[in-house]
1. Contour minus end-to-end for A316 and D58, with contour as 0.36 nm per residue of separation and end-to-end as the Cα-Cα distance?
2. Out of the DSSP beta bridges found with both residues in the chain, what percent are antiparallel (nearest 5)?
3. Using a 10 Å cut-off around each Cβ, can you sort H23, H38, H225, H313 from fewest to most neighbouring Cβ atoms?
4. Between Q16 and L304, what's the calculated FRET efficiency when r is the beta-carbon distance and R0 is 41 Å? Round to 0.05.
5. Can you put M275, M185, M236 in order, fewest other beta carbons within 10 Å first?
6. Need one number: nm distance between label points at D271 and A87, each 7 Å from Cα along Cα→Cβ, rounded to one decimal.
7. If each residue's Cβ is checked for other Cβ atoms within 10 Å, how do K292, K37 rank with the fewest at the top?
8. Would you work out the relative contact order for the chain, in percent, from Cα pairs under 8 angstrom that are 6 or more residues apart?
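What follows is calculated from the coordinates using simple rules that are stated; it is not laboratory data. From a predicted model like this one, the values you see are computed outputs, not experimental measurements. We place every Cβ from the backbone using ideal geometry, glycine too, and count neighbours over all the protein chains shown.
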Amino acid sequence: MEKLCLLEYTRDNLVQLMAELGHKPFRAAQLQEWIWKHRATSFEQMSNLPPALRAALDERFCLRALTVVEVNQSTTGATRKFLSRMADGHLVESVIIPAAVGQGGAHSDRITLCVSSQVGCAFGCRFCASGLLGFTRNLTASEILGQIVAAEEISGTRVDNLVFMGMGEPLANIDNLLTALTLIMDPHALNIGARHITISTSGNVPGLRRLAEFGKPLRLAVSLHGASDEVRSRVMPVNRKWPLGQLLPALEEWARTSKHKMTLEYILIEDVNAMMPEAARLARVARRLNAKVNLIPYNTVEGLPWVRPSEAHCRAFCKALIAAGIPVTMRYEKGHDINAACGQLRLRRMKEAE
Ligand code: SAH
Ligand code: SF4
């Protein structure tokens, strides 16, 4: 039988487990300290737990759901991608992005981590390397949490900001996402504040409602990439399922209760969505949602036909939004934008693993 990973156990779950195993509730607090404060990797290390309890835990549970198999330093910046193997042999990628401070390109030791939420993705956006793979499976909450634990081990520092912009659609894995978020925010576990967590979605309407019901001041990024159904459906098949007529009201609802402005992600692709009239449409949507816009010049994905517009064209598109009064960010250089860094995860080694 495959062992369950304790990373995804909340304090309440641990209290219940202790009761099942015939131990007092205070053992749950001790166990949680070993897991999160000391980052124990074996039950043997848990010296203040009775040996019989350690043995009982060891029989049914493990403390890591994935093993890091490769760490790559990017050639374009200080980002580091790492690849982890899960119990069933599937691989998952995550990206460590140092936070830039000041104008001079100096870096602090604060890091943003981009995590994956699924192996592959069922949404099949036409520009996306993850979508090309098709869908394999959801990650468990422990596999999501395990990426953060691994990043902290690799970098030797705490993860300050977390973005769900890796492989997969987080809102299509909403149950495991909410469990992971509970532990990510728990002061007894990872203790990362909701305002330091960004969920990026391609517009999964039921998932968005569930996330809103969760009631935490998380940040939301929406992969819009088209401000009309015609343009959006061309590159995002998900738009046929939840067209703008459904998505925009759901986002308005989110904006009404959210503390933060949402970000509309917009990849600029030549002759698809980067024509100047689209900038006016995008500005209208952004105004309606009181959102900011992040323009991402398309990054070439091998095997896909799309073209990145010229820098001058991207700047003109950006200027049109600024002129319309929309807060907008754009980074033309490759590798500097968080999206550019983590939007292109692809399991290069998947074939080898099969
Ligand atoms: N499924 C979620 C989370 C993944 S985020 C979502 O789509 O929002 C991945 C981000 O990288 C998205 O904003 C996506 O649109 C972007 N991305 C994907 N392929 C890209 C490419 N070729 N160039 C630039 N950005 C890309
Ligand atoms: Fe999936 Fe997001 Fe890629 Fe679309 S952009 S295929 S939703 S990971």
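1. Here the answer is 86.9 nm.
2. About 45 percent, rounded to the nearest 5.
3. H38, H313, H23, H225
4. 0.30
5. In increasing order of surrounding Cβ atoms, one gets M275, M185, M236.
6. 5.0
7. Final ranking by Cβ density, sparse to dense: K37, K292.
8. RCO, the chain: 14 percent.
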